[in-house]
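Comments concern the structure below.
The values are calculated or read from the model by the stated rules, or taken from the named source; none is laboratory data. Keep in mind the model is a prediction, meaning the values are calculated, not measured. We place every Cβ from the backbone using ideal geometry, glycine too, and count neighbours over all the protein chains shown.
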Amino acid sequence: MFSGFKSENFMRQLVYVLETSFFLPGDYVIFKDDLGEEMYFIAEGTVVIIAADKHTVLAKLHKNQFFGEIAIFLTNNKRICYVKAETFCTLGVLR
């Protein structure tokens, strides 16, 4: 997402504001219809994006991928799906 930014200073500042969160396999990271106020960067682990029916897996995301970015760009936006940790996960959280 930020690969187009060539500024090392920008990337350094971004890292300083990230919080670290840990999730166990089976933990929900995002619930559908919650208000989105943060996005996540996967440092370790795998998450699955799950449709509103709570059964259909739409995607699997792994280390160095991100999700929840719509919440950063749009205000008062509800989440449209669930995100669940498939493995032990370490996530960087940008609020």
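Starting from segment 59-73, keep only residues that are farther than 14 Å from LYS84 by Cβ and of a type in the set (Phe, Trp, Tyr), then list their pairs with residues that are assigned to a loop (DSSP other than H, G, I, E, B) and modelled with pLDDT under 90 whose Cβ atoms are within a distance under 8 Å, requiring at least 6 positions of separation or different chains.
Taking only residues 6 or more apart or on different chains, the pairs are PHE66/MET1.
Name the residue that is nearest to GLY26 (Cα to Cα), counting only residues in segment 70-95 that are at pLDDT below 90 and surrounded by 14 or more Cβ atoms within 10 Å (Cβ to Cβ).
Step by step, filter segment 70-95, then rank; the result is ALA71.
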